[in-house]
Amino acid sequence: MEYSLFQRVTCDFGCGESPYQSFLLQYAKSYTAVERTGSQHITQRTILADLNKELPIERNVAETVVSFSVFEHLYNPQTMINEVLQVLNPMDS
């Protein structure tokens, strides 16, 4: 039996060139990359957004959100924390 740590969507906020995508997809069913508008580190499937504002991503869809070395670059980190909480889907009991 194969163990799957993450059963649904994993979002990577401030993904850059998505260096963790292949690793995360070993444990997740899908990966959503969100990068700041104007970034040169984008792929075809990257969602571009201002990480200091509300993100154009569906609510309650992700089981896991990761963000590596991003918060220290934001004008208002609390906004991104609020967005993480909106995107996370509460686990079923």
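The values are calculated or read from the model by the stated rules, or taken from the named source; none is laboratory data. These numbers come from a predicted model, not from an experiment. For neighbour counting, all protein chains shown are included, and Cβ atoms are generated from backbone atoms with ideal geometry for every residue, glycine included. Surface areas here come from the heavy atoms of the whole protein model, side chains and all, with no ligands, DNA or RNA. Shrake-Rupley method; radii C 1.70, N 1.55, O 1.52, S 1.80 Å.
Ignoring ligands, DNA and RNA, what percent of the accessible area of the chain is carbon or sulfur (1.4 Å)? On the chain, the fraction of accessible area on carbon and sulfur atoms equals 51 percent. So what does the Cα-only Debye profile of the chain read at q = 0.15, 0.25 Å⁻¹, as log10 I(q)/I(0), no solvent term? Evaluating at q = 0.15, 0.25 Å⁻¹ gives log10 I(q)/I(0) of -0.55, -1.40.
Taking Cβ atoms as reference points and 13 Å as the exclusive limit, the residues near Thr43 contribute a net charge of -2, counting Lys and Arg as +1 and Asp and Glu as -1. Once the 1.4 Å probe is applied to the protein heavy atoms, the chain comes out at 68 Å² accessible per residue. Against the chain, whose longest principal axis comes from its Cα atoms, helix 77-87 is set at around 40 degrees.
Could you tally the net charge around Phe68, taking each other residue with its Cβ under 13 Å from the Cβ of Phe68, Lys/Arg +1 and Asp/Glu -1?
Details: positive: none; negative: Asp12, Glu17, Glu35, Glu72.
That works out to -4.
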